[in-house]
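Contents: one structure, followed by commentary.
The values are calculated or read from the model by the stated rules, or taken from the named source; none is laboratory data. This is a predicted model, so every value here is computed, not measured. Please note: Cβ atoms are built from the backbone with ideal geometry, for glycine as well, and neighbour counts cover all protein chains shown. Please note that ligands, DNA and RNA were not included when accessible areas were found on the heavy atoms of the full protein model with its side chains. Shrake-Rupley method; radii C 1.70, N 1.55, O 1.52, S 1.80 Å.
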Amino acid sequence: MQTTSVRRRRRTGCVVGLVLAVALLVGGTLLADRVTRGVAEDVAADAVRQKTSATAVRVTVEGFPFLTQLARGTLDDVRVRATSATLRGLDVTDLRIAATGVAVREPRGAEHVRATATVPTAALEDLLRERTGWDLALRVDGDRLVAEGVAAGVPAALTLTLAAAGADGVTAAIESATLGGLTIDAGVLPDGLASRITELRLTDRLPAGARVTAATVEADGVHLAVELDDLTLDDL
């Protein structure tokens, strides 16, 4: 009887030891996966900061296990958020990026990217000044932008509508124009302003191949949605 009891205790001890060993192995793997993921997210956030001067950057790698994705060199789904950033000289806020098929080896990039951001009215003012040569102040009026300035000493105001134009970026159209308080045809505005307004397109501020899928005027500026395929980090 005593011998049988000892054997049972030994078998129980072996089973418990095996369970503990498996638990430690699994726990260690989970910990390694979590730590490695955290390091990768920090490295990615640093890269975004360096390329775009972004602030308050947060990178999240979705999916489990991370180590398997890392081993094959492609991450399934990566999310990026930043309070502000500068994209090719254009200041934006509330930048959000969802990237799939992200390559971790050179050339680093993604198979598909969807990004949203807000272009503040101040940044649009700078862009309009650069495009038109006019010192125009912008304000939001519902779902439109109103550009106000002085032409040849006479107050001028333009009401602009914006629309997404896919690979052509953003189209800007003059809905109405006043000069000295009188409503005029936009075509008679001085300095070819009407045609220059259309150069707002933003295509030179976006990576090659970018498609603007939404452009809406909100109280804080213009909200953009952009999609890209086969983007590399150097394209930013």
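So what does residue 170 come to for accessible area, using a 1.4 Å probe and Å² rounded to 10?
The accessible area comes out at roughly 0 Å².
Keeping all protein chains in place and using 1.4 angstrom, which order do 53, 176 fall into by accessible surface area, from largest down?
53, 176
How much length is gained if the chain between residue 72 and residue 225 is pulled fully straight, taking 0.36 nm per residue apart and subtracting their Cα-Cα distance, in nm to one decimal?
52.1 nm
How big is the accessible area of residue 229 in square angstrom, nearest 10, if you roll a 1.4 angstrom probe over the protein chains?
My reading of the accessible area for residue 229 is about 80 Å².
Quick check: residue separation of residue 218 and residue 108 times 0.36 nm, minus the Cα distance between them. What number comes out in nm?
36.2 nm
Compute the distance in nm between two label points, each set 7 Å from the Cα along the Cα-to-Cβ direction, one at residue 47 and one at residue 208.
It is 2.0 nm.
If you scale each eigenvalue of the Cα gyration tensor by 5 and take the root, what three semi-axes come out for the range 101-236, rounded to whole angstrom and sorted largest first?
After diagonalising the Cα gyration tensor, the semi-axes are 34, 13, 12 Å.
Provide the gained length on full extension for the span residue 62 to residue 96, in nm with one decimal, where the gain is 0.36 nm per separating residue minus the Cα-Cα distance.
Length gained between residue 62 and residue 96: 10.8 nm.
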